[in-house]
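Notes for the one structure printed next.
The values are calculated or read from the model by the stated rules, or taken from the named source; none is laboratory data. Keep in mind that what you see is a predicted model, and the values were worked out from it rather than measured. Methodologically, a virtual Cβ is constructed for each residue, glycine included, from the backbone with ideal geometry; neighbour enumeration extends over all protein chains shown. Accessible surface is based on the protein model in full, side chains and every heavy atom, while ligands, DNA and RNA are left aside. Shrake-Rupley method; radii C 1.70, N 1.55, O 1.52, S 1.80 Å.
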Amino acid sequence: MKAPSWLGPRRAAALAERFGTPFYAYSSRLLRARSRALAKAFPSAAIRYAMKANANPAVLEAVRRAGLGVDTVSPWEVLLAREVGFRKKQIIYSGNMPSDDDLAAVHREGVMINLDALSSLRRYGRLAPGAKVSLRVNLDVGGGHHPHVITAGSESKFGLAPEELPEARAIAAEHKLRIVGLHQHIGSGIFELDLFLEALDPLLALLVDFPDLEFVDAGGGFGVPYRPDERPIDLEAWGRAITERFDAAARRYGRPLQLMLEPGRYVVCEAGVLVARVTTVKRTRDRVFVGTDSGMHHLIRPALYQSYHPVATYPLRERAAERLFFTGPICESGDLLAEERAMPLPEEGDLVVVGNAGAYGFAMASHYNLRARPAEVMVDGDDWRLVRAREGYRDVVRRRDVKRAK
Ligand SMILES: Cc1ncc(COP(=O)(O)O)c(C=O)c1O
């Protein structure tokens, strides 16, 4: 991988010296650029950044300042969004299998609630009769970079099927809920505009059955290239095609209707890297392992989805390339950050920079094996600041009441 322009070898070494490793670094300039590109490509749409991709408050703040709202999936995401300064109207909550407590907590915050099961709708109706609500539908058209992230079809737990919609309307009527939004999200990591449009058309065809709509949310999922042979989507072409279809449907609908979109990965993926240090070089009969102080507990995507992340090592070593396996300290053979990379072998103490790690990186990090989650640093031009401190033993092991055995 080519070093990102905002985090070359010198800068990475300086941050590693200052904050230790491993750490995530984010470029606030890239965050702003991606947010603004979305706003420009979809000038009439409300863009709701899917904060599940990366909920660091500094990331949220950058996105908020660029004019985006947020898409949330849990009460605490809603709370954090409010704390960061998003207005209620800029927040949508898409609950999947929400508990009664979830529904009550989100309702208390006064944000738009988007539901995708008849049971949730019934329970929400009892809790908040007369409220506005949005429905997430599942129209059988899905896509994405891995089966785990495809969110359509009858084997998916998401969305209401078309045949459930009459009952959904009846439940809404019984509790005087006003259905003001229709929503779908077909999956994550989509590169084909045609697939997105194929899913959008049946969504727009549903409008006639819902007289009180204020918005239609076509979801997120915009693909970002990870592998060298993948190309970026033509965002402007996506903007033109989606807006055109939506505008035509809105004209037919005859009442003011807002287009909503909720990309996560597109905003933050390329604006983030994970920086680790080589701890151990180990050769087996078949493999050359580059062991680092990070791993699947910090970036689970390679283990979970067999995702490819570009990797660079600093300093550049002048030696013949070998097939390297980048791994971490976790007790699983699946603990891999990158597999079979033809690169010069780094030395112990060198830095490893894993690219495209801004989305679903720290957000999916865990304490597996009782390891701390890494620090997070925001880089803005020549400035940087720590935006989340590395965890210590007490952050991971909360039980302060444990007494040492005598
Ligand atoms: C409902 C919903 N909206 C938006 C997103 C964001 O997807 P992406 O990060 O691929 O844009 C997701 C991702 O899982 C989602 O479930």
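Checked against the criterion of being touching a strand residue (DSSP E or B) at 6+ places or on another chain (Cβ under 7 Å) and outside any loop (DSSP other than H, G, I, E, B), region 298-306 has at least one qualifying residue. In region 252-277, of all residues being of a type in the set (K, R) and assigned to a helix (DSSP H, G or I), the one that is nearest to the ligand (Cβ to nearest atom) corresponds to R265. Set side by side, the residues L68, L127, L139 differ, and just one is more than 12 Å from the ligand (Cβ to nearest atom) and at pLDDT below 95, which is L139. One residue stands out in region 142-155 among those that are surrounded by fewer than 22 Cβ atoms within 10 Å (Cβ to Cβ), more than 16 Å from D116 (Cα to Cα) and within 13 Å of the ligand (Cβ to nearest atom): the one that is nearest to the chain's Cα centre (by Cα), namely V149. Restricting R394, R390, R373, R319 to those that are touching an Asp or Glu at 6+ places or on another chain (Cβ under 6 Å) and not in a strand (DSSP E or B) reduces the list to R373.
Annotation: A168 fulfils all but one of (1) under 20 Å from M97 (Cα atoms); (2) within 14 Å of the ligand (Cβ to nearest atom); (3) among the aliphatic types (A, V, I, L, M); the unmet one is (2).
Of the helices (runs of 4 or more DSSP H) lying entirely inside region 1-68, those containing at least 2 residues that are more than 30 Å from Y314 (Cα to Cα) are 28-41, 57-65.
Here E214 clears all of (1) surrounded by 14 or more Cβ atoms within 10 Å (Cβ to Cβ); (2) acidic (D, E); (3) within 16 Å of the ligand (Cβ to nearest atom) except the condition numbered (3).
I'd like the full set of residues that are among the basic types (K, R) and either touching a residue at least 40 places away in the same chain (Cβ under 8 Å) or crowded, with 18+ Cβ neighbours inside 10 Å (or both), limited to region 305-349. Hit for region 305-349 is R341, nothing else. What about I186, is it more than 16 Å from the ligand (Cβ to nearest atom) and surrounded by 21 or more Cβ atoms within 10 Å (Cβ to Cβ)? So I186 fails the test.
Of the helices (runs of 4 or more DSSP H) lying entirely inside region 77-176, the ones with 2 or more residues being in contact (Cβ under 8 Å) with a residue 40 or more places away in the chain are found at 118-127, 165-174.
Scan region 9-34 for residues that are surrounded by fewer than 21 Cβ atoms within 10 Å (Cβ to Cβ) and either basic (K, R) or in contact with a Lys or Arg (Cβ under 8 Å, 6 or more places away or on another chain) (or both) and the total you get is 8. Kindly provide the set of residues from region 232-256 that are closer than 30 Å to A342 by Cα and free of Cβ contacts under 8 Å to residues at least 40 places away in the same chain, ordered by number. The answer is P232, and nothing else. Any chance region 189-208 includes a residue that's open to solvent by 10 Å² or more (accessible area, probe 1.4 Å), outside any helix (DSSP H, G or I), of a type outside the set (S, T, Y) and within 23 Å of D116 (Cα to Cα)? There is at least one residue in region 189-208 that is open to solvent by 10 Å² or more (accessible area, probe 1.4 Å), outside any helix (DSSP H, G or I), of a type outside the set (S, T, Y) and within 23 Å of D116 (Cα to Cα).
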